[in-house]
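K.L.:
Take this structure first; my questions come after.
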Amino acid sequence: MGSSFTNQLFNLLFSPLGLLGIVLGWVIFNKAKRSRRLAWFLFSLFCYTASLGKYEDQWITAPPLVVPLEQLRDMGRPLTIVLLCLLLILGIESADQGRRTFIPKPIKYLIVVQFAFFYKILLFGEINFALLGLITFVALVLMLKLGPSRWLQNEQNFHLGVWSIAMAGVIFGFAGVYQGVFNLQAMTFLHGRFTGTTGNPLHATALLAATIPSLMFLIEMRQKWDWVKVFWIANLFILLYFLFLTGSRTGLIMAVPTILLFYRQRLGTLLRLGFFVGIVLAFMLYLQGPDVVMSNTVASRYSSTQNTREGVWSSMSSKFIKYPVFGAPLEGGRLGFGESTWLATGSTTGLIGFIPLVMMGIECVKMMFKLHQLSSKNSSYIPHCSTVIGGLTSLLSGSFTEAILLGNLTFPVISLIMYLSLGKYLLLQDERQSRSYFMENNATFRFFRNS
């Protein structure tokens, strides 16, 4: 694996596209030292490249995409590592300019889960793969701690943090539209289901659903109608349309609760959004023609009652019960994950990994509850808290039917850590304001008492 990655990296660096990317990357990197928006945009690029992938099996070969999407997809992992290093350097250089950061509790438990995976592979699998994965994950957490988490110092940077997640979705949506102008079939070759520039429809689903709350935040924060608000609304509809084309019921499980919770305190807005989304989707499907509407691999999947995961879930449950402490013996040099974050963790690492994963989930729910209380107490925080609640809801909902939270350098894991960092910032801000309010009242009380 190491030599393959090294070859990919060198092929990227010395290709025409790679050389152009080096020049542009260096310019953006240097300007990002002085421009926080560019620094956040660099993070958006990192989020997007982390989602890049190419579907491969022994029966189906993914058709090529148009230039430069095909080249980007082929070099997704090296590009992600390069951007990770640039962001890490940027975070280290700006470490003395920001505030002290605190790692949210759920991330600490996620680190324990990842270490359980790496330790098992280190003992029974491919040592090089385990070490590379460990180094990559540690670098990711360190980068997010020194960079984005530290940048969250005020309202403007909270807005930019949400904007960075949304921009990853915008780039993904633009790539889909750009490819669709030439040949959308290259992104729907897998039984008519949309994959975008990811490796399969489920990866596309996770990215699309996780970026929806961020786009809704940006829409809600634009009080007046202008081209910026129209831009965000257009991108939201594009992503919802692509989410529908994935044919993933997991997408519904992720998106519907997210939207409901985001607008939980504004029923009228929710109804209007549902009405407009329905009209736009119906119009887009009409333009696609009856073949898409009646497709057995897309629209009819949503009405199907077949449990396609029953066999996988049963197998993982049996392994968890049979090997409750350390998980099932490793088959091959790496761990294989089935279609559930929770059952996959239990079956591969037993209680050693499952318990911290459950603790992570509990802490996420606790944060969501605290944010709901904060939004109820202070209405100005409603869009902010709803965004984090929606993002966490989306990722946690999808984790029950897909192993989306078990990668070490994937968009769902990165966005989960980012949403948790945004939530931690809001709670810390509330604590500071409450402490300041208490100190002011206490000082006033002492003044009148002494008088």
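The values are calculated or read from the model by the stated rules, or taken from the named source; none is laboratory data. Being a predicted model, the structure only gives us computed values, none of them experimental. Glycine also receives a Cβ, built like all others from the backbone with ideal geometry; neighbour counts cover every protein chain displayed. Areas reflect the complete protein model, heavy atoms only, side chains present, ligands, DNA and RNA absent. Shrake-Rupley method; radii C 1.70, N 1.55, O 1.52, S 1.80 Å.
K.L.:
Return one quarter of the surface area of the convex hull spanned by the alpha-carbon atoms of the range 107-185, equal to its mean projected area, in nm².
P.N.:
If I average the Cα hull's projected area over directions, I get 8.2 nm².
K.L.:
Can you pull the Rg over Rh of the range 141-240, Cα-only, Kirkwood?
P.N.:
Radius of gyration over Kirkwood radius for the range 141-240 works out to 1.04.
K.L.:
Sticking with this one: What does the highest-first list of 336-344, 204-212, 386-394 look like by mean Cβ count within 10 Å?
P.N.:
204-212, 386-394, 336-344
K.L.:
Give, in nm to one decimal, the length gained when the segment between THR136 and ASN183 is fully stretched (0.36 nm per residue of separation minus the Cα-Cα distance).
P.N.:
13.4 nm
K.L.:
Classify the range 30-121: rounded, prolate or oblate, from the alpha-carbon gyration tensor (a ≥ b ≥ c, eigenvalue square roots; a/c under 1.5 rounded; otherwise prolate if a/b is larger than b/c)?
P.N.:
oblate
K.L.:
While we're on this one: What full-extension length gain, to one decimal in nm, is calculated for MET221 and PHE400 as 0.36 nm per residue of separation minus the Cα-Cα distance?
P.N.:
61.3 nm
K.L.:
Additional query: Apply the Karplus curve 6.51 cos²θ - 1.76 cosθ + 1.60, θ = phi - 60°, to the phi angles in the range 158-175 and return the couplings in whole Hz, x for Gly and Pro.
P.N.:
4, 4, 5, x, 5, 4, 5, 5, 4, 5, 4, x, 5, 4, 5, x, 4, 4
K.L.:
At 37 °C and 0.692 mPa s, what whole-number value in µm²/s does Stokes-Einstein give for the translational diffusion of the range 302-435, with Rh from the Kirkwood sum over Cα pairs?
P.N.:
So the translational diffusion coefficient is about 199 µm²/s.
K.L.:
I've got another one for you. Would you work out what percent of the accessible area of the range 108-257, with all protein chains in place, is carbon or sulfur (probe 1.4 Å)?
P.N.:
Its accessible area is 70 percent carbon and sulfur atoms.
K.L.:
Turning to a different aspect of this structure: Over the range 58-202, how many percent of alpha carbon pairs lie in each 10 Å bin up to the one with the longest distance?
P.N.:
10, 27, 30, 27, 7, 0
K.L.:
Further, regarding this structure: Just need the relative contact order of the range 150-220 here, percent rounded to a whole number, with Cα pairs under 8 Å and 6+ apart.
P.N.:
Relative contact order here is 32 percent.
K.L.:
So which lysines pass the test for LYS366, namely a Cα distance under 16 Å, with those fewer than 8 places away in the same chain ruled out?
P.N.:
LYS105, LYS108, LYS424
K.L.:
Which peptide among 141-150, 23-32 comes first, and what is the full order, when sorted by highest mean count of other Cβ atoms within 10 Å?
P.N.:
Those peptides, ordered most packed to least, come out 141-150, 23-32.
K.L.:
Sort the range 44-89 into rounded, prolate or oblate with this rule: let a ≥ b ≥ c be the square roots of the eigenvalues of the Cα gyration tensor; rounded if a/c is under 1.5, and if a/c is not under 1.5, prolate when a/b is larger than b/c, oblate otherwise.
P.N.:
Verdict is prolate for the range 44-89.
K.L.:
Next up: For the range 22-66, count the residues as N, evaluate 2.2 N^0.38 Å, and divide the Cα radius of gyration by that value, please.
P.N.:
Rg over 2.2 N^0.38 Å, computed on Cα atoms: 1.70.
K.L.:
Ordered by packing density, taken as the mean number of other Cβ atoms within 10 Å over each peptide's residues, highest first, how do 213-221, 229-237 rank?
P.N.:
213-221, 229-237
K.L.:
Given a 1.4 angstrom probe, I'd like the percentage of the accessible area of the range 336-430 that is carbon and sulfur, rounded to a whole number.
P.N.:
Roughly 68 percent of what the probe reaches on the range 336-430 is carbon or sulfur.
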